[in-house]
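Before any comments, here is the structure.
None of the figures in this text is laboratory data; all of them are computed from the coordinates on show. Since the structure is predicted, the reported quantities are computational estimates derived from the model, not experimental observations. As a convention, Cβ positions derive from the backbone with ideal geometry for all residues, glycine included, and neighbour counts pool all protein chains shown.
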Amino acid sequence: MGDFSEVSSFVNSRLFQQYCTSFFGFQNCALYDKNIDKLYTAWRKAVRRLWKLPYRAHSNLLPHVSQMLPLDVILEKRYMNFMSTGMNHSNGIVNFIFNYGVRHISRIDQNVRYICKKYDIKVSDLFSGKLFNTHIIGKYNESVSEEDKRVGAQVRELAMERDSFDKTVLSKQEVCDIIEFLVTS
């Protein structure tokens, strides 16, 4: 953050999204385990810091301020893409390993069942090769209130105004006070 202190929150957020949320190798993580909540907490803290929001900023606003999906949705979506690719792979060995993993008790099986239960997807649909991205994002969007979307967009606009070098109608402190009020009330 010290190296990018002069960069706007918007640009920092895009850099964070591009370079710090790739999570290569996460397919071995247990998405159903409670310990993964530590990763989600760290992600929320990072987003608050990138956007210079108070630590008390409501978690449900962070995806809308940063224009990113929540980390759990990102990882679950990527996991289902990974599974779909593996289960429908042209290489017979790869295809067998993925299909075997889903049909027998394993981390693969537990992750798939966790995601399917969370998003109301039938495990049997995996074998037909249906795409889940639209379903997962659709379920997430159903759970989000319009108020959170509106407040998140307002906070994002105010943060970009706060970070701009142009003179604005409001002082920097007034903008910060408004942001704090919006994200904590």
### Message
Restricting to the stretch 144-175, count the residues that are free of Cβ contacts under 8 Å to residues at least 40 places away in the same chain and in a helix (DSSP H, G or I).
### Response
11
## Note on the structure
Checked 109, 148, 163 against criteria (surrounded by 15 or more Cβ atoms within 10 Å (Cβ to Cβ) and under 17 Å from the mean Cα position of the chain (by Cα)); the one match is 148
#### Entry: Unmet criterion (only one of (1) surrounded by 15 or more Cβ atoms within 10 Å (Cβ to Cβ); (2) under 29 Å from residue 121 (Cβ atoms); (3) in contact (Cβ under 8 Å) with a residue 40 or more places away in the chain) for residue 8
(2)
### Of all residues making up the stretch 19-36, the number that are farther than 20 Å from residue 98 by Cα and of a type in the set (Gly, Ala, Ser)
1
## Note on the structure
Per the filter on the stretch 73-95, residues surrounded by fewer than 19 Cβ atoms within 10 Å (Cβ to Cβ), under 17 Å from the mean Cα position of the chain (by Cα) and either more than 22 Å from residue 37 (Cα to Cα) or basic (Lys, Arg) (or both) are 78
